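J.: Below is a structure I'd like to ask you about.
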Amino acid sequence: MKNWAGNLEYSSADVRRPESVAELAAIVAASPRVKALGSRHSFNRVGDTDGVHVLLDALPQRVDLDPSRGTVRVSGGVSYGALCRTLEESGVAIHNLASLPHISVAGAVQTGTHGSGVNNQSLAGAVESIDLVRASGEQVTLTRADGDEFLASVVGVGAVGIVTGLELAVQPSFRMRQRVLEDLPWDNALADFSTIVSAAYSVSLFTDYGGSAVNQVWLKALDGELPLPSLFGATAALQPRHPLPEMSAENCTAQLDEPGLWLDRLPHFRHEFTPSNGDELQSEFILPIEHAPAALQAVRALAEGLMPLLFVSEIRTGAADEFWLSPFHRQQSVALHFTWKPLQPEVEAFLPVLEEALRPFGARPHWGKLFTPDGHDWEALYPRFADFRAFAAGHDPEGKFRNRLLDSILGVPARR
């Protein structure tokens, strides 16, 4: 089996497809090494194992709304696209979505995946409870009332259990409009960064870091929000755009201020179109938003080496949360996302240069994308990192959920 991008082949010796959580628990209890695979939209080996891979698509796929609690209970393997269609049928929504609606709920939450918006938490921010199978095979449900154990487990990078279900907070359905601006002068982007990224419910900037202007700004506004008082020196696109200028916008969500449902505006790409595989790699680094202008200048200084490797970079924002290994832990953040050409040796050779440029700003890598594992001081980046290491070792002393990537980050379990 390979991942979504096709840039890595998994190492598992066996693949199982349990049809019940009880069957999954039995597999976990009996396996010396085991990991779950969801939509496989990761670009590194965070989900790999040399033991048993379990696929969750044969488990009952449930989406159960509880209007009295304002929540929905969803099976971990359900995609956001499928979840959102079901929610909209009942007139409710979740607070945000990532660029692609095709990813699984469990995998996205476990790796700290997010959308954009200065006041919007990552996808994990909606989690009210989480169902896990621990290394022993024990099935547990944790809620916010469980305090630290809940905060350590929600963004758990697959190191503390296999997620079988989550309860997410919902809100009334809402409508949005999407507008794209083009050629935002870099001087204005840096001088007015906070104003620009706060100008709508969700804002994304797309750039290749070359030239004197940011290529595009995507503004996703709540229907009824006032129009922008200024375009900040950019021009409004007169026809729909793709983040890559040479690509057709056919697969993108509707633009030109056309009102539509939240689930058809928050992602960049339509659910009914399956994204292509094998033609890109991804990295992302999340850092405190107050460092955004300086960090962007540092990346622009690398443009000569960066641009030949890059399709496009997306700049997003996110609100702080309390999850121990969330890249947004206790900081309102800016996220610098890099969509690379499929040149893995060259990208991996360049990553240490990029990471060194971002080091002064406390950049935290996205757990599911390409980064240099031994190139970061994890305890300096995450105040609860040592606590998480001990927590993971306590729940998985044999390293059942570990792999080489997690060992390089968390250390080899003492009892391995």
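Throughout, read-outs are computed from the coordinates displayed, never taken from laboratory work. This structure is a prediction, so every number in the text was calculated from the model and none was measured. Because the Cβ atoms are built from the backbone with ideal geometry, glycine has one as well, and the counts that use them run over all protein chains shown.
J.: Could you please report the charge total around ARG300, scoring K, R as +1 and D, E as -1 over all other residues with beta-carbon less than 13 angstrom from its beta-carbon?
T.: -3
J.: Please list, ordered by chain and number, the residues whose modelled amide H lies under 5 Å from the amide H of GLU128; skip anything fewer than 5 residues away on the same chain.
T.: Counting only residues 5 or more places away or on other chains, the set is GLU167, LEU168, ALA169.
J.: If you average 1/r across every pair of different Cα atoms in the chain and take the reciprocal, what Kirkwood value do you get, in Å?
T.: Details: mean 1/r = 0.0462 Å⁻¹.
In the chain this quantity evaluates to 21.7 Å.
J.: Pop out the ³J(HN,Hα) list for the range 345-361 in order, Karplus 6.51 cos²θ - 1.76 cosθ + 1.60 with θ = phi - 60°, rounded to Hz; leave Gly and Pro as x.
T.: Once θ is set to phi - 60°, the couplings for the range 345-361 become x, 5, 5, 5, 6, 7, 4, x, 5, 5, 5, 5, 5, 8, 4, x, 9 Hz.
J.: Also, quick follow-up: Hand me the tally of lysine pairs in the chain: alpha carbons under 26 angstrom apart, and the pair either on different chains or 8 or more positions apart.
T.: Close lysine pairs found across the chain: 9.
J.: What is the helix-to-structure angle for 21-30, meaning the angle in degrees between its Cα long axis and the longest Cα principal axis of the chain, kept from 0 to 90 and rounded to the nearest 10?
T.: Tilt relative to the chain: about 70 degrees.
J.: Still on this model: Set the Förster radius R0 to 25 Å, insert the Cβ-Cβ distance between ARG85 and MET1 as r into 1/(1 + (r/R0)^6), and round the FRET efficiency to 0.05.
T.: 0.40
J.: If R₀ is 45 angstrom, what is the calculated FRET efficiency for the pair SER230 and THR372, using the beta carbon separation as r and rounding to 0.05?
T.: Numbers: r = 40 Å, r/R0 = 0.88.
Computed FRET efficiency for SER230 and THR372: 0.70.
J.: Report the residues of the range 25-57 in range of a label on ALA13: point 7 Å along Cα→C-beta, backbone N strictly under 13 Å from it.
T.: 31-34, 49-53
J.: Okay, moving on. Would you mind checking the tilt of helix 385-395 against the longest principal axis of the Cα atoms of the chain, expressed as 0 to 90 degrees and rounded to 10?
T.: 30 degrees
J.: To test your reading of the geometry: what angle, between 0 and 90 degrees and rounded to tens, separates the Cα axis of helix 80-89 from the longest principal axis of the chain?
T.: So the inclination is approximately 80 degrees.
J.: Over the range 294-416, one equal point on each Cα, no solvent: what is log10 I(q)/I(0) by the Debye formula at q = 0.11, 0.13, 0.19, 0.22 Å⁻¹?
T.: -0.44, -0.61, -1.13, -1.34
J.: Any chance you could run the full-extension gain for SER136 through ASP183? It's 0.36 nm times the residue separation minus the Cα-Cα distance, nm to one decimal.
T.: The span from SER136 to ASP183 would gain 11.4 nm if fully extended.
J.: Around VAL312, which amide H atoms from residues at least 5 apart in sequence, or from another chain, sit under 5 Å from its own amide H, with H modelled in the peptide plane?
T.: Under 5 Å from the amide H of VAL312 lie the amide H atoms of THR339, each far enough along the sequence or on another chain.
J.: Applying a 10 Å radius around every beta-carbon, put 391-398, 173-180, 340-347 in order of their mean neighbour count, most first.
T.: 173-180, 391-398, 340-347
J.: For the chain, with a Gaussian network of springs between Cα atoms less than 10 Å apart, report the residue from PRO365, PRO243, PRO32 with the top mean-square fluctuation.
T.: Per the Cα network of the chain with a 10 Å cutoff, PRO32 tops the list.
J.: Starting from the Kirkwood radius over alpha-carbon pairs of the range 14-55, derive D by Stokes-Einstein at 20 °C in a medium of 1.002 mPa s and give it in µm² s⁻¹.
T.: Details: Rh = 10.7 Å.
The Stokes-Einstein estimate is 201 µm²/s.
J.: Would you calculate the convex hull of the Cα atoms in the range 176-375 and tell me its volume per residue in Å³?
T.: In the range 176-375, the Cα convex hull volume per residue is 128 Å³.
J.: Using the Cα atoms of the range 157-207, I'd like the radius of gyration and the largest Cα-Cα distance, Dmax, both in angstrom.
T.: Expressed in Å, the Cα Rg and Dmax of the range 157-207 come to 18.0, 47.
J.: Could you work out how far the C-alpha centroid of the range 150-184 sits from that of the range 12-78, in angstrom?
T.: Cα centroid of the range 150-184 versus Cα centroid of the range 12-78: 18 Å apart.
J.: Go through the range 211-223 residue by residue and turn each phi into a ³J(HN,Hα) via Karplus (6.51, -1.76, 1.60, θ = phi - 60°); whole Hz please, and just put x for glycine and proline.
T.: 3J(HN,Hα) across the range 211-223, in whole Hz: x, 9, 9, 6, 4, 9, 10, 9, 10, 10, 9, 4, 4.
J.: Additional query: In terms of modelled amide H atoms, which long-range or inter-chain residues lie less than 5 Å from the amide H of THR317?
T.: HN-HN under 5 Å from THR317: GLY117, VAL203, ALA335.
J.: Hey, another quick one. Per residue of the range 109-126, in order, report the coupling 6.51 cos²θ - 1.76 cosθ + 1.60 (Karplus, θ = phi - 60°) as ³J(HN,Hα) in whole Hz, putting x for Gly and Pro.
T.: Once rounded to whole Hz, the list reads 5, 4, 9, x, 5, 8, x, 9, x, 4, 9, 9, 6, 4, 4, 5, x, 7.
J.: Give the Kirkwood hydrodynamic radius (Å, one decimal) of the range 63-172, defined as one over the mean of 1/r across all pairs of different Cα atoms.
T.: 13.9 Å
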